[in-house]
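The values are calculated or read from the model by the stated rules, or taken from the named source; none is laboratory data. Note that the coordinates shown come from a computational prediction; the quantities given were computed from them, not determined experimentally. Heads up, the Cβs are rebuilt from the backbone with ideal geometry, glycines too, and the neighbour counts pull from every protein chain shown. Note: accessible area is taken over every heavy atom of the protein model, side chains too, but ligands, DNA and RNA are not part of it. Shrake-Rupley method; radii C 1.70, N 1.55, O 1.52, S 1.80 Å.
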Amino acid sequence: MKTAVIQFPGSNCDEDAVKAVVATTGEAADLVWYTEEKLDDYDLVIVPGGFSYGDYLRAGAIARFSPVMKAVQDHARKGKYVLGICNGFQILTEAGLLPGALRHNESLMFQSMTLGLVVENAATKFTHHYDSGETIRIPIAHGEGNYFADEATLRSLEANDQIVFRYANGENPNGSVADIAGIINDKGNVLGMMPHPERAVSELLGSTDGKRLFTSILTSWRDAHGRA
Amino acid sequence: MEFQAKINVTLKDSVLDPQGKAVTHALHALHYESVSDVRIGKYMEVRLEAESAVKATELVHGMCEELLTNPVIEKYSFELVEVVS
C-alpha cells in the first residue's frame, strides 16, 4: 500500500501523518506538494491537519481549489481511500467529498486535549480493527470542528451508518450536531474526522488508539488486492 | 463596464452564531439590555468587468455560490454599483 500525504501551504500535521503511517503499517508514505496533478501511484491519500492557506475566507475554502484536489477527487471517484484529518476534514467538506460543514467551536475557543471517542461504525474499511461501541482516546486540536448538517442530511447519515465516530458522552468539545466527530461518504472510501489518530500511535504520545485506524486501512487494502 | 459588488455573508438563520451570541452578552453587560440578537458576518468588495449589470449580477452569484460562501451554513446578499471613473 502506498500513501500520499498532501502538503498545502500551512499544513502542519503532514510529517506526523507520514511517520504514523510508516510506524503503524510498515508501508511507504510520501509527502506530496499541493501543485501535484497526479496521484495514480497511491492507494491512500491523507489530507492532513493544519491551517491551509491560513484558513482565509473559511477553513479549507481555498485549499479545495488547489491543483492536487482534482487528483484527490479522481482518486475518491475510483473508490480508493481518502482520509481527511482535522483541517483535512474541513477541506473534504468544502470540496463536496463529504456532506455538511465545520463551524467555529461553540465556545469560540481553540480546543486542544485528548478525549473519548465512541466507534459508532466498526464495519468500515477504516475502522474494522475496532469494536463497535468501543471508546478510544484520541487527541483533538481545533478551533473549527463544530460539525453541522441540515436535518435531512443528518437523517441520511444516521440511516446509512455514515457516522463513524462520536464524542463520548459529555465530552463534545465543540458543539457538533449529534456529537459527530467523524463521518464517512456513502461509498465508504472517504473518511473525515476532527480528532488526530496520527497523534495517538505510541505510548510516548499518551495513547496508541489511533494505530488500528491505519492498520484497518492496510488490511482492507490487502484484502482488496489479494495479499496476505 | 466596471462594477463593484458589495457582498454581505452571514450564517443562515438556522445556524447558531456563537460569535454573535458572545457579542450579545457583552452588549448586555455594557447596559445595552435592549439588544435581543447579534449576527456576525463578513463584508467583501469585489471589483469586476462585465458587459452589463445583468451579466455582472450573474457572475457575482456564481462567485458567491462557488467560493465566497459555503451554502451549507451561509447565505449572502449583495449590492452592485457601476464604477464610473
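What do you get for the angle between helix B:18-29 and the principal long axis of chain B? Use alpha-carbon atoms, 0 to 90 degrees, nearest ten.
Tilt relative to chain B: about 50 degrees.
Determine, at each q value in 0.06, 0.09, 0.12, 0.14 (inverse angstroms), the log₁₀ of I(q)/I(0) that the Debye formula gives when each Cα of the protein assembly as shown is one equal point scatterer.
Treating every Cα as an identical point scatterer, log10 I(q)/I(0) equals -0.23, -0.49, -0.82, -1.06.
Kindly list the residues of region B:1-28 that lie in the label zone of residue B:37, defined by a backbone N under 15 Å from the point 7 Å along the Cα-to-C-beta vector.
Counting backbone N atoms under 15 Å from the label point, the list is B:10-25.
In whole angstrom, note down how far apart the Cα centers of region A:16-80 and region B:33-56 are.
One Cα centre to the other: 33 Å.
Can you give the accessible area buried between chains B and A, summed over both chains, with a 1.4 Å probe, in Å² to the nearest 100?
Values: alone 5940 and 9730 Å², together 14420 Å².
For chain B against chain A, roughly 1300 Å² becomes buried.
Given a 1.4 angstrom probe, I'd like the percentage of the accessible area of chain B that is carbon and sulfur, rounded to a whole number.
Carbon-and-sulfur percentage of accessible area, whole number: 55.
Which far-off residues, 5 or more places away or on another chain, put their amide H under 5 Å from the one on residue A:115, with H placed in the peptide plane?
Those lying under 5 Å, H to H, from residue A:115 are A:138, A:140.
Using a Förster radius of 41 Å, what is the FRET efficiency between residue A:134 and residue B:25 based on their Cβ-Cβ separation? Nearest 0.05, please.
Using R0 = 41 Å, I get an efficiency of 0.55.
Okay, helix-only estimate at 222 nm for the protein assembly as shown: each DSSP H run of n ≥ 4 adds -39500 (n - 2.57), divide by all residues, round to 500 deg cm²/dmol; what do you get?
Helix-only estimate at 222 nm: -7500 deg cm²/dmol.
Measuring with a 1.4 Å probe in the full set of protein chains, what accessible area per residue, in whole Å², belongs to the protein assembly as shown?
Values: 14420 Å² over 313 residues.
Per-residue accessible area for the protein assembly as shown comes out at 46 Å².
Taking 40 Å² as the minimum loss, tell me which residues in region A:102-144 lose that much accessible area going from the chain by itself to the full protein complex (1.4 Å probe).
At a threshold of 40 Å² (probe 1.4 Å), the residues of region A:102-144 that become less exposed are A:103, A:106, A:108.
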